[in-house]
Amino acid sequence: MHIQKNLQEIKRNIKEAANKSGRDEKDITLIAVTKTVDEDIINEALELEIQDIGENKVQEIQRKYDNIKEGIKWHMIGHLQSNKVKYIIDKVSLIHSLDRISLAKEIQKRAKQNNITMDCLVQVNISEEESKFGLKKEKVITFIESVLKYENIKIKGLMTMAPYMEDSEKTRCVFRELKKLSQEIEERAFPGVEMKFLSMGMTNDYMVAIEEGSNMVRIGTGIFGKRNY
Ligand SMILES: *Cc1c(COP(=O)(O)O)cnc(C)c1O
């Protein structure tokens, strides 16, 4: 395991990219994506200044939750089925994949039952790839307007996944568009809506994403190595 070495390099890169865009590395949240990674290895990584972990499957969060050290922030970064919201509502700090009203309705219901407000990011499919979830860019503002009535949901920003490109430079326009969209939303000043987080950038493209304004990167392979499914 080279987790420590990998993390050092990633943190150096984050600093470099943050500085390039006139920011401090402390403004960037690093989410260690732990899907398929065993609990003992996750806990090892959590000794190395990681406070946030990301999973894309509800079952995996349920299975690992009790075995992971307390006080860690869990992020739901994958597609979320409405009927599974109840299993994670009391476990995750941020849902990155809010992309439809039916899901918002269910999150509202379960958050209210649990007496909490759930922080969510709206997932946007900037590149309009068929294989990706998320709202089309043009639909995001209307969507946010219709989520305003859900008192137990707080929209905290936007999330996107760029298409995989050998040359990460080619993804720059995707990140730039999400940033632009977040600024448009900010200008509307919807009550209770914050554009605090821009969750964009993975192992292959996080430096470009940060240069374009990301302040939340989701990195799996770069920390833990190739996944074994
Ligand atoms: C798996 C995953 C990541 C991390 O991907 P890597 O290329 O391993 O860094 C980030 N975001 C989402 C939504 C994922 O499912």
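Just so you know, all these numbers are worked out from the coordinates, no wet-lab data involved. Keep in mind it's a predicted model, so treat the numbers as computed, not measured. Because the Cβ atoms are built from the backbone with ideal geometry, glycine has one as well, and the counts that use them run over all protein chains shown.
DSSP beta bridges in the chain, what fraction antiparallel, as a percent rounded to 5? Percent antiparallel among DSSP bridges in the chain is about 0. With R₀ fixed at 25 Å, the C-beta to C-beta distance from Asn83 to Ile116 puts the FRET efficiency at about 0.85. With each label modelled as a point 7 angstrom along the Cα→C-beta vector, the Lys20-Ile141 pair spans 3.1 nm. The GluC sites (Glu not before Pro) found in the range 162-197 that occupy coil by DSSP, while having at most 16 further C-beta atoms within 10 Å, are Glu166, Glu194.
Averaging over all projection directions, the Cα-based convex hull of the chain occupies 12.1 nm² in the image plane. Full extension of the chain between Lys5 and Glu151 yields a length gain of 48.2 nm, computed as 0.36 nm times the residue separation minus the alpha carbon distance.
Hand me the GluC sites (Glu not before Pro) from the range 1-81 located in a DSSP loop with no more than 16 other Cβ atoms within 10 Å, in residue order please.
On the way: sites: Glu9, Glu16, Glu25, Glu39, Glu44, Glu47, Glu49, Glu55, Glu60, Glu70; in loops: Glu47, Glu49, Glu70.
Of the GluC sites (Glu not before Pro), the ones in loops of the range 1-81 whose Cβ has at most 16 other Cβ atoms within 10 Å are Glu47, Glu49, Glu70.
Among Lys26, Lys196, Lys57, the largest mean-square fluctuation in a Gaussian network model of the chain, built with springs joining Cα atoms closer than 10 Å, belongs to Lys26.
Per-residue extension of 0.36 nm, minus the Cα-Cα distance of Asp38 and Glu128, leaves a gain of 29.1 nm for this segment.
The alpha carbon gyration tensor of the range 33-77 gives principal lengths a ≥ b ≥ c with a/c of 1.5 or higher and a/b greater than b/c, which makes the shape prolate.
Maximal additional length on extending the Glu187-Arg12 stretch stands at 59.7 nm, based on 0.36 nm per residue less the C-alpha distance.
Under the combined filter of DSSP loop state and at most 13 neighbouring Cβ atoms within 10 Å, the range 160-228 retains these chymotrypsin sites (Phe, Trp or Tyr not before Pro): Tyr164. Which entries of Lys20/Lys69; Lys139/Lys179; Lys26/Lys226; Lys86/Lys136 show an alpha-carbon separation above 25 angstrom in the structure shown? Distance filter (> 25 Å) returns Lys20/Lys69; Lys26/Lys226; Lys86/Lys136.
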